[in-house]
1. Counting other C-beta atoms within 10 Å, which of A:Lys156, A:Lys114, A:Lys171, B:Lys54 has the fewest, and how do the rest follow?
2. If you take all C-alpha pairs in the range A:64-121, what percent of them are over 16 Å apart?
3. So in the protein assembly as shown, which Cys have no other cysteine's beta-carbon sitting under 4.7 angstrom from theirs?
4. Net charge near B:Leu160: determine it from the other residues with C-beta under 12 Å of the C-beta of B:Leu160, scoring Lys and Arg +1 and Asp and Glu -1.
5. In nm, to one decimal, how far is the modelled label at B:Leu204 from the one at B:Gln4, with both set 7 Å along Cα→Cβ?
6. What distance in nm lies between label points placed 7 Å from Cα along the C-beta direction at A:Gln138 and B:Thr184?
7. Taking chain A as a Gaussian network, where each spring joins two C-alpha atoms under 10 Å apart, which residue of A:Ile71, A:Ile142, A:Ile155 fluctuates the most?
8. Order these peptides, B:132-138, A:35-41, A:104-110, A:185-191, by their mean beta-carbon neighbour count within 10 angstrom, highest first.
Amino acid sequence: MTEFTTWDILRNLLLATRWTLLLSLVSFIGGSVVGLCLLWLRISPRAALRRLAKGYIELFQGTPLLMQLFIAFFGLGLFGIDVPAWLAAGVALVLWSAAFLAEIWRGCVEAIAKGQWEASASLGMGRLQQMRYVILPQALKIAIPPTVGFSVQVIKGTALTSIIGFVELSKAGTIVTNATFQPFTVYGLVALIYFALCWPLSKSSQILERKLNVAHRNH
Amino acid sequence: MSYQFDFLWLGEYWPQIAKGIAITGQLTLVGGVVGVSLGIACAWARALGPGFLKPVVGAYVELIRNTPFLIQLFFIFFGLPSLGVQLGELSAANLAMIINLGAYSCEIIRAGIQATPRGQFEAGASLAMTPFETFRHVVLVPSLQRIWPALSSQVVIVMLGSAVVSQIAVEDLTFAANFIQSRTFRAFEAYIVSTLIYLALAILLRQAMLALGGLVFPRRAAR
């Protein structure tokens, strides 16, 4: 029987971490793009579009991410679409992140004083111009800390893709455990790697929040 | 090659689904009550407790908040037995949810405690209350009231997160969906139905939490 050193375990886990990082990055960027479109609908002047976006957000926030992954993975396959695990994982995580990011950003946009909309409208700006030159630059500043904070949720969310068979850090943990019979060491290391990825982001989100809040601290 | 939807299996398999809902509900109830209690204790320790406790609780909170629930669950269920702690799958799932919600609710409740005006602590002290009595009678309830909406959302998030306990063979709603899927090959229908049940549970739980908040917290006069 082969003996595995701690280094063997760690090396294999670190190799799999690349996929966790890649999937997180794709989900976060894709989620931002879809989320921005969703935000546009969510704050649209037309009630039907607002309701549509609201329904989407509530659907994705009110159901388990695991179920969304299952539907993307097992469900779509039945329609004759061959869905590999990485594709299902990517699609589900992008749609899921989009819902959360749109809701976070909506709060930031709504925190911008109404006068800013009125002032920019009185300058004859169209809605796209208002967003592009007046609202979003100001909302961006408020949005950075919670957005960085949400990236931690995305990284942790990728762990669920192991269940549909995408080989990232968590799946590698299960595979290595099955080979070494050392669940305590392996899952402990897996947890530490996730911690090393997430903690700096959590911490910088907190620090940013404190820094950017200074301007508002006048009470 | 159009796909024919078929929900006829619902007639045969609804007992499994009902059992799954019951287990998910039980996990949420235990996790919610014990987890929030743990959160209150940790928030007290972190905001007002003795100096040696603060870094310990801080490390616990950071560790849990920055690792996936799935890994916490696997560590408890597969990892702890090598330390001699052998838990059944349901106890492991309960423990994981308590530890998880404990850490998240600690941070939420701590924010509520720290938003308490200093005068409240001073008023308590001037009535000859000990710091703990002040916390218990003066600070805690208004703090909880302040953060109740955020706490409610967190409980809903933990309920939805509990879907992964099916991975250690706890027979919750997700487990039922997987079971039906493997028996009937109706993956899409099984997951759609259980997803909608989760959605209904989330809406219900949120309303229940808000109703509980309205019941527990006295309406205060306009400030």
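Bear in mind that the values in this text are calculations on the coordinates, not laboratory data. From a predicted model like this one, the values you see are computed outputs, not experimental measurements. Glycine gets a Cβ as well: all are built from the backbone with ideal geometry, and neighbour counts include every protein chain shown.
1. Taking fewest neighbouring Cβ atoms as first place, the list is A:Lys114, B:Lys54, A:Lys171, A:Lys156.
2. Beyond 16 Å sits 57 percent of the P(r) for the range A:64-121.
3. Singleton cysteines: A:Cys37, A:Cys108, A:Cys198.
4. Numbers: positive: B:Arg206; negative: B:Asp172.
Once all neighbours under 12 Å are counted, the net charge is 0.
5. In this crude spin-label approximation the distance works out to 3.3 nm.
6. 5.3
7. Fluctuation is largest for A:Ile71.
8. Values: B:132-138: 15.9, A:35-41: 19.4, A:104-110: 17.7, A:185-191: 23.0.
Put in order of decreasing packing, that is A:185-191, A:35-41, A:104-110, B:132-138.
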